[in-house]
1. If the cut-off is 13 Å between C-alpha atoms, which aspartates and glutamates fall inside it for Lys33, apart from same-chain ones fewer than 8 positions away?
2. Would you calculate the separation in nanometres between label points at Leu36 and Gln17, each defined as 7 Å from the Cα along the Cα-to-beta-carbon direction?
3. Probe of 1.4 angstrom, ligands and nucleic acids ignored: what's the accessible area per residue over the stretch 48-115, in square angstrom?
4. Please give every one of the aspartates and glutamates within straight-line cross-link reach of Lys43, meaning a C-alpha to C-alpha distance under 20 Å, and leave out same-chain neighbours fewer than 8 residues apart.
Amino acid sequence: MAQNGHNFGLVANWQMQVDFVKEMLEDSKFLEKLVLLTQGLDKESITTIYRVISRLRIAVCNQQNITQLNADEIDMLHRIHTEFYPNIFEILPGQLYYYDGYYLPFQMFHESVFWYHLGLSVRGGYL
């Protein structure tokens, strides 16, 4: 995906996204489920959820990549591609990988866990 001179590839399971959008469009209770999902969340979180679902629906229905990213999203993708992925070290090809004190037998250092720490914080600091 190229935008503003940047070229980022979003790693995702396209078939899972297609299946989600198909279910969303066919589910007569989707609005009810969406309201329950966003119940009690702050406005920013609700806006994010709606933005993600909207972008996903447009991308799947038009069979195209998600390209409309804001400046913060572009910056974060740039940081992930320059500060996260390059720091995953392949110790033994296909057998052992290292990142930030963690060893895994395969390269499964997903950014939601190892970069964002699943959005969790402990005692004011990230995990």
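1. Within the straight-line limit of under 13 Å, Lys33 reaches these aspartates and glutamates: Glu23.
2. Label-label distance for Leu36 and Gln17, simple model: 2.6 nm.
3. 68 Å²
4. Glu32, Asp72, Glu73
The values are calculated or read from the model by the stated rules, or taken from the named source; none is laboratory data. It should be emphasised that the depicted structure is a prediction, and the values quoted were computed from it without experimental measurement. Backbone-built Cβ (ideal geometry, glycine too); neighbour counts: all protein chains shown. When the accessible area is computed, the model is the full protein with side chains, heavy atoms only, and any ligands, DNA or RNA have been set aside. Shrake-Rupley method; radii C 1.70, N 1.55, O 1.52, S 1.80 Å.
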